[in-house]
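What follows is one structure encoded as structure tokens, with my remarks underneath.
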């Protein structure tokens, strides 16, 4: 076991975990104040659900020692194999304990369904969302993680079918972002548009929260990408550096499009551009040069800034642009490797590589995106027909926070002295009526 | 006695208050309000989507003064709040029948 590698992957795991609360704030600031808590909760609850499933069978389905290219089997359900000291999957032996690898991969399994929640903001039944997360990670994420991330044992036996083909996806452009983006598109089609879409202003209620969330995502993403080297080494350093550069340049790319098209450099544009850059560099971070990451970043920022307008033209209410940022950004990053990969043996076209690299990348995007879209659509319809996926009109108009969670995000009135005193006296009277010492 | 209500641009508020204090107005009630007039709100752009925001922030000032001072107070507010651009606001004056000072029970002019 290598203590340096283990320390880095442990630290990276904590960084990736922080991305889910970061995402919650990024999304939470973008919704209206009446649904901020529901948005935060949809993200937080996936941490609970997926962690539980990961121990029971998730890790086994994704990385178990089955011989299939489609899933890892159930041999490792309950994670009973954890006496193994080293991580001997992924095609070679890594100097980190298997339990550390499992912890690191768990964080990816957590944030992927959380990403979907932005597409159905303001209008999904909370219980239905929880059921969807259980089913979608079971049928889609866990197997797809196997397809893309599992390189099999020392001899490559049991590798995922995409990994076996040599698909390049260093940290999850397809398995995480295309996967979540396609599911988000499916779910917002199942649930339909929010009441008042295109008519009422649904502007972000707290852009400072959005900027904070984007900052946390950027910070945590170093664990996501550089941690995926599974060691403290040159590969991690390359991933770290290209992640930084692509994110910075994507922010500039998005801002440039906004300035030219809409007239202003907006804070939402800066935050969104950074996230688009993070998404696009995710599959590519260890396979491109620093200049490659500049090109990819600028392109991702500009393309995603235009892609978020698609929903207005095509008429689907992807509330927080999971499609425009994650599906488009993830696909862009994955396919760009067909051109700008300089990875030895699988170079892109610009580095003298063969067209088959581009073909493989496109195949990965289409198969992961297509599978996720179809399964998510069917699951969404099944949930809608049985327990109902959408809240009532009254609940939606008055605000989902109150109905789903019996809470409100902000107590604005107590900012002064007048109304704050009023609300605390009501609480006092209420407590006395219930015989409680307030 | 007259109740003077003025709705003005927020950035003119400090000027108006200063001018009224200099004139001798000793107190007022001020609130942050939203509304629109002929300027019909404004436009904000989020991720390329334009939103028409109907309401713009304003400051509402309410002052009760002796009837003889009402015209001067209105003139001061108009002079200091004016920028000449659309959205400067409105001032209006209403008759007040009676006023009571809560602390002492003084009525009408003695309560001002």
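None of the figures in this text is laboratory data; all of them are computed from the coordinates on show. Here the structure is a predicted model, which is why all the values come from computation and not from measurement. As a convention, Cβ positions derive from the backbone with ideal geometry for all residues, glycine included, and neighbour counts pool all protein chains shown.
What to note about this one:
- Going from the fewest other Cβ atoms within 10 Å to the most, the residues A:30, A:82 appear in the order A:82, A:30.
- Whole-angstrom gap from the range A:374-389 to the range A:207-241, using each part's C-alpha centre: 34
- Förster-model FRET efficiency, 25 Å R0, residue A:193 and residue A:403, C-beta, rounded to 0.05: 0.85
- Sequence-separation-based contact order of chain B, relative, with Cα cut under 8 Å and 6+ spacing, percent: 41
- Among the residues of B:36-46, the average count of other protein chain beta-carbon atoms within 10 Å of the residue beta-carbon is 3.
- Shape box of the range A:1-66 [Cα atoms, principal axes, largest first, Å]: 49, 29, 14
- The range A:3-138: relative contact order as a whole-number percent, Cα under 8 Å and 6+ apart: 32
- GNM remark for chain A: springs join alpha carbons under 10 Å apart, and the peak mean-square fluctuation among A:230, A:52, A:358 falls on A:52.
- Shielding by partners, peptide A:225-237 (average Cβ within 10 angstrom, other chains): 0
- Full extension of the chain segment joining residue A:261 with residue A:44 gains 74.5 nm, where the gain is 0.36 nm per residue of separation less the Cα-Cα distance.
- Applying 1/(1 + (r/R0)^6) with R0 = 35 Å to the Cβ-Cβ distance of residue B:97 and residue B:39 gives a FRET efficiency near 0.50.
- GNM top mover of A:390, A:165, A:261 - chain A, alpha-carbon springs below 10 Å: A:261
- Centre separation in Å (Cα based) which lies between the range B:1-78 and the range A:152-187: 60
- Residue A:356 paired with residue B:90, simple spin-label distance in nm, labels 7 Å along Cα-to-beta-carbon: 7.7
- Full-extension gain in nm, residue A:126 to residue A:374, via 0.36 nm per residue minus C-alpha separation: 87.1 nm
- Neighbour counting of Cβ atoms within 10 Å sorts the residues A:147, B:92, A:136, A:254, fewest neighbours leading, into B:92, A:136, A:147, A:254.
- When you restrict to C-alpha pairs under 8 Å that are six or more residues apart and normalise by the size of chain A, the relative contact order lands at 21 percent.
- Computed from Cα positions, the angle between helix A:3-30 and the longest principal axis of chain A comes to roughly 40 degrees.
- The simple spin-label model puts a point 7 Å past each Cα toward its Cβ; for residue B:50 and residue A:291 those points are separated by 4.2 nm.
- To the nearest ten degrees, helix A:234-261 and the longest principal axis of the Cα atoms of chain A are 50 degrees apart.
- Shown is the FRET efficiency for residue B:68 and residue B:32, computed with R0 = 25 Å from the Cβ-Cβ distance and rounded to the nearest 0.05: 0.25.
- Residue A:313-residue A:363 pseudo-label distance in nm [points 7 Å out on the Cα-to-Cβ vector]: 3.1
- Potential lengthening between residue B:22 and residue B:78 on full extension [0.36 nm per residue; Cα-Cα distance subtracted]: 18.6 nm
- Legend: mean number of C-beta atoms from other chains within 10 angstrom of residue C-beta atoms, peptide B:48-57, equals 3.
- Taking all pairs of distinct alpha-carbon atoms in the range B:1-71, Kirkwood radius in angstrom: 14.1
- P(r), alpha carbons of the protein assembly as shown - 20 Å bins starting at zero, rounded %: 20, 44, 23, 11, 2
- Column: log10 I(q)/I(0), Debye, Cα scatterers of the range A:122-168, q = 0.21, 0.22 Å⁻¹: -0.68, -0.71
- Neighbour-count ranking [beta-carbon atoms within 10 angstrom, fewest first] of A:112, A:20: A:20, A:112
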